[in-house]
Amino acid sequence: MSVYDSLDSITEELHKCMKCGNCMAVCPIYKETRQEVGVARGKISLAEYILSGETEMTKGMGDRFSLCTTCMACNTNCPCGVRFDKIILAARAEAVRKKGLQSAKKIAFTALKMQRVFDFGMKAGSIFQGIALKNIPNRHSKLARMRVDVGIGKEKVFPMLSKKTLRSEFPEVIKVKTPKMRVGFFTGCMINYFYTDIGRAVIAVLRENDIEVVIPKSQACCGIPASVNGDVVSARTLAKRNLRAFERMGADALVVACSSGGTAWKHVFGELLENDHELKALADKWAKKSYDISEFLIHQVPFKKEGLGRVARKVTYHEPCHLNRGQGISKEPREILKSIPGVELIEMKEPGRCCGMAGSFSLVHPDLSGQISDRKTADIQTTKTDTVATGCPACRLQLQSGVENAGFDEEVLHTVQILAESYRVGRKN
Amino acid sequence: MLAREVLEELVRVLGRENVLTEQEDLLTYAYDATAAMKHHKPDVVVAPLSTEQVADVVKIALRYHVPIYTRGSGTNLSGGTIPVEGGMVLSMLHLNKILEVDQDNLTATVQPGVIIQALNDEAAKHGLLYPPDPGTVTTATMGGSVSECSGGLRGLKYGVTKHYIMGLQMVLANGEVTRWGGKTVKNVTGYDLVALFTGAEGTLGIITEIIVKLIPAPEARKSMLAVFDDVDKAGRAIAAIIRNKVIPATLEILDNVTIQTVENFVHAGLPMDAEAVLLCEVDGYKEVVQREAVLVERIMKEEGAVQLKIAKDDKERDLLWLARRSALPALAQKRPTTVLEDATVPRSKIPDMLKAIRRIATKYNLQIATFGHAGDGNLHPTIITDERDAEEMKRVHLAVDEIFETALALGGTLSGEHGIGIAKMKYLNREFGEAGVAALKRIKEALDPNYLLNPGKIVRRD
């Protein structure tokens, strides 16, 4: 029984918790609120009371279960090995079954499911965004701030929507002369609509390594925003669409440059489709050949070092939670950075600490998300670097927002962009 | 349920955001870290931002007879923060500032919501150390730690929390703010109320500021691990080390059940048939550490250690301590409920206590692993069980009773570092007799005649 189907599925997981409170030492939300309900132990207790029938699922319970960035720091600090990420997913799914989705999320997730409407909305957005968003002069990228507060504050900085989506910019199959592999690229929404620069870097680096890139047009949102908020129905629909899109095109491997996307392909699709033998088998097959781009470049290619040009950057690396704790990928991005001539890697204090973005969490809890971000921004500032590298477009958005609001000069990039830059420089020489 | 005017007055003093009244929040203050304990939901949770607010809250509580349960992080193991009579939980977590580190007087002044590790990090910047180091050092608050007088691994050489508390600001049960002690080493003015409030588990007053003693951080340290095939030999080694005038910073023991569990869990390279493992760390000036390490090594060998490992550097040191650090997690993952006791005996009685615990485990057919601070006689017999199994839990309670009886018979005490709270209240008679318990009660009633502060803990109201 999957965590998405019933709260009973986590009974044993709940019993493992001995209420020691070690999760308090690492929970980014608890550090800000200092309220027991913010930390894993508090929410585990609530889930226990619901399961024992002492209390019932209320709308208020749903609100409390939304207080988690799913950063999984508590998992790693738990002496009893409690998988709190599973508990929170089950609790949120139960909240949706009993109390329904919060209306703002409902609209967003419905849009995500309806790909064409979403595409149109985003494209129309890129034309009309000037009305709602105000450009911010920035040396590195096109950024904007909300002109009016629509409930998420005016602090947050957004990247401007791209004029052309990544997937419309490239053909479905990008050929190379003598391909050593054919790789499917799952772009994810943020890279397709906002950070097309990351997508272009992924494609450039793969081509540089003689890899044919396939970008199925019919791929969809990964569904993680839906599944982590308990909207299991939407998440299942998206999982099926993605599996079919890539199965139709075929590939030796699948790469993602987004930590949510990676988690989706490696773990979540299979869990969501557990009850459907055929689709489960398909999900498992693709899970086995899904890789984060840094993992793929280090272990599968391995990427060529000749032709790397000099890139003079002082770089600090922020670990996306779902890449580091979620997929165990932490050394690989650093290895890539260290192999680039001219790059000096300077570690920040607690690189694995959550940035507070956590997808829709930052929309539902903008103040809390901002407070968590402020700590990260301060840690970045003390490294006295000029670049933050990370492995997730959502983290990139949050870090950019933090850096912009703190007002210091620091470029925020995906690791693969710095590698692409190095190849580019190498070609010129 | 509290009357509406009580809540209104609390909101007036603290502001809406610092008064929690919704069920979903209240339910998360119904428990603490104590295993197999009934939970009780409070009627309100308040989080003051200043001493004045604490005093105002106490006055409101006094006027309306609302019990006050002061709480830090809720990591205690005695049911010390469970609001058994409902009423108000007073969360001290917003009072979390380190007010001063005074390098000339070697003191620090902190608010009660400061996490112990945060104080240590601040002290370390000045080359100083706050020695008490309970297992919850990264989560527990200073206020909670002082109230429970927590111990830790360094007790043998450095003592426990009470040896480091020099001054306290207290809000009394009548809402008056008082100060006791201060930064002076010597102070015999009046009764020693700093000593009384330390370890009083929040039953006599509410701590709002703490002055602690700091010490220079030791320059060097050296760790070693010794394996014994006989508990008595390990016991003799402990005694011999002390007799030779070496006081290690830590001297820990793991029994056979713990060793087997840990070894299956982390593969630290311990022999599965070992009867006891001693872990010892000496610290101080480099020269002293060198001398003492050699001495301890010789003693361990003389007393029959079958295997001896000495850490050459910090990396090796971490490896040696892996076994000890993994003891509780390894045991906790074996079964869902972990009943961790802290009955304490004079250190010379450690082998007797270990053997008695093993006998009790067999008698009640339970899994009991024992590890702990052998150097100061504070053992942690840990019963791994499942609280859903009512029949087994009966045997657990009988075994706990007998562990306490044994500790007292060996000249020890009910609790070395976890406190009485609710968990051990019924055993107090056995250690103090009726006259002793009556004296505790008279102290309670002198300072808190209405049983307003943490009622239902340590002493019972008639």
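Overview of results
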read-out: Around A:Gly328: net Lys/Arg minus Asp/Glu count, Cβ-Cβ under 13 Å; value: -1
read-out: FRET efficiency for B:Lys183 and B:Phe432, using Cβ-Cβ distance with R0 set to 41 Å, rounded to 0.05; value: 0.75
read-out: With at most 14 neighbouring Cβ atoms within 10 Å, loop chymotrypsin sites (Phe, Trp or Tyr not before Pro) (DSSP) excluded, longest segment of chain B; value: B:1-190
read-out: Of A:Lys19/A:Lys376; A:Lys164/A:Lys428; B:Lys233/B:Lys309; B:Lys157/B:Lys286, those spanning more than 21 Å from alpha-carbon to alpha-carbon; value: A:Lys19/A:Lys376; A:Lys164/A:Lys428
read-out: Förster-model FRET efficiency, 22 Å R0, B:Leu49 and B:Asp121, C-beta, rounded to 0.05; value: 0.45
read-out: Around B:Tyr427: net Lys/Arg minus Asp/Glu count, Cβ-Cβ under 12 Å; value: -2
read-out: Kirkwood Rh and Cα Rg combined as Rg over Rh, evaluated for segment A:313-428; value: 0.97
read-out: Size of charge dipole - chain A - debye, nearest 20, with Cβ of Lys, Arg +1 and Asp, Glu -1, no other charges; value: 1160
read-out: Sequence-distant lysines (8 or more away, or on other chains) whose Cα lies within less than 16 Å of B:Lys315; value: B:Lys222
read-out: Leading residue at positive end of dipole, segment A:289-429 (Cβ point charges), from A:Met348, A:Ile329, A:Gln398; value: A:Ile329
read-out: C-alpha center-to-center spacing [segment B:260-280, segment A:362-420] in angstrom; value: 44
read-out: Simple label model, 7 Å out from Cα along Cβ direction - B:Arg291 to B:Lys59, nm; value: 6.0
read-out: Radius 9 Å from Cβ of A:Ile215, net charge of other residues (Lys, Arg +1; Asp, Glu -1); value: +1
read-out: 3J(HN,Hα) from dihedral phi, segment A:353-359, Karplus parametrisation 6.51/-1.76/1.60, rounded to Hz, x for glycine, proline; value: 6, 4, 7, x, 6, 6, x
read-out: P(r) tail fraction, segment A:7-99 - alpha-carbon pairs more than 20 Å apart, %; value: 26
read-out: Shape parameters for segment B:98-216, alpha-carbon atoms, Rg then Dmax in Å; value: 13.2, 40
read-out: For the protein assembly as shown, with +1 on Lys and Arg beta carbons and -1 on Asp and Glu, the positive-most of B:Met1, A:Ala91, A:Leu272 along the dipole; value: A:Leu272
read-out: Projected area, mean over directions - the protein assembly as shown, Cα convex hull, nm²; value: 39.6
read-out: P(r) histogram, all alpha-carbon pairs of chain A included - 20 Å bins from 0, percent; value: 26, 60, 14, 0
read-out: Computed E for B:Lys334/B:Ile215 - FRET, C-beta separation, R0 41 angstrom, nearest 0.05; value: 0.60
read-out: Distance between modelled label sites at A:Val176 and A:Lys285, nm, 7 Å Cα→Cβ extension; value: 2.5
read-out: Under 15 Å from A:Lys280, Cα to Cα: aspartates and glutamates that are on another chain or at least 8 residues apart; value: A:Glu247, A:Glu271
read-out: Alpha-carbon centroid distance for the pair segment B:53-119 / segment A:279-295, whole angstrom; value: 50
read-out: Packing rank of A:272-282, B:409-419, where each peptide gets the mean count of other beta carbons within 10 Å, highest leading; value: B:409-419, A:272-282
read-out: Size descriptor, Kirkwood hydrodynamic radius, that averages inverse alpha-carbon separations across chain B, Å; value: 23.2
read-out: Helix B:256-266 vs. chain B, principal-axis angle (Cα, 0 to 90°, nearest 10); value: 80
read-out: Rounded to the nearest 20 debye, dipole of chain B from Cβ charges on Lys, Arg, Asp, Glu; value: 760
read-out: Residue (of B:Pro248, B:Gln260, B:Val288) at the positive-pole extreme of segment B:220-326, dipole from beta-carbon charges; value: B:Val288
read-out: Solvent-free Debye scattering, log10 I(q)/I(0), computed from the Cα coordinates of segment B:358-462 at q = 0.12, 0.14 Å⁻¹; value: -0.51, -0.67
read-out: Cysteines having no other Cys beta carbon under 4.7 Å from their own, within chain A; value: A:Cys17, A:Cys20, A:Cys27, A:Cys68, A:Cys78, A:Cys80, A:Cys189, A:Cys221, A:Cys222, A:Cys258, A:Cys355
read-out: Low-density loop positions, trypsin sites (Lys or Arg not before Pro), segment B:320-402 - DSSP coil, at most 10 other Cβ in 10 Å; value: B:Arg388
read-out: Nearest 10 degrees, 0 to 90: helix B:4-14 Cα axis against chain B principal axis; value: 70
read-out: Full-stretch length increase - A:Asp374, A:Asp8 - with 0.36 nm per residue and alpha-carbon distance subtracted; value: 128.0 nm
read-out: Lys, Arg +1 and Asp, Glu -1 on Cβ, resulting dipole of segment B:159-277 about Cα centre, debye, nearest 20; value: 800
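Only the coordinates and a few stated rules stand behind these numbers; no lab work does. Keep in mind that this is a model prediction, so the values were computed, not measured. With ideal geometry, Cβ positions are generated from the backbone for all residues, glycine too; neighbour counts draw on all protein chains shown.
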